[in-house]
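The values are calculated or read from the model by the stated rules, or taken from the named source; none is laboratory data. Note that the coordinates shown come from a computational prediction; the quantities given were computed from them, not determined experimentally. No Cβ is skipped: glycine too gets one built from the backbone with ideal geometry, and neighbour counts run over all protein chains shown.
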Amino acid sequence: MSIKLDIELEPFRTPNYVLVKQRPKPRQEGYNGDTPKYHISELDSETLGALCDEFRAAIFEKAGKLDDR
């Protein structure tokens, strides 16, 4: 016997901001507050596209699948 169920998946959440990559610093300097960030509307299309491409590649790699696109 076989049972099939249809389920609807939620899409990935769309971020509002992108964080700035910070360099490591000595522990004795302590924590200096929030990580700098930019609203995605502040980025140009080329940068947004590159970030999306990196995200897509990371998702497929983590899933162990080839991207047929």
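What to note about this one:
- If you filter segment 13-55 down to residues that are part of a loop (DSSP other than H, G, I, E, B) and surrounded by 12 or more Cβ atoms within 10 Å (Cβ to Cβ), you find that the one that is nearest to the chain's Cα centre (by Cα) is PRO15.
- Screening LYS65 on (1) in a loop (DSSP other than H, G, I, E, B); (2) surrounded by fewer than 10 Cβ atoms within 10 Å (Cβ to Cβ); (3) at pLDDT below 95 shows it passes everything except condition (3).
- Among the candidates LEU48, LEU9, residue that is touching a helix residue (DSSP H, G or I) at 6+ places or on another chain (Cβ under 9 Å) and aliphatic (A, V, I, L, M): LEU48
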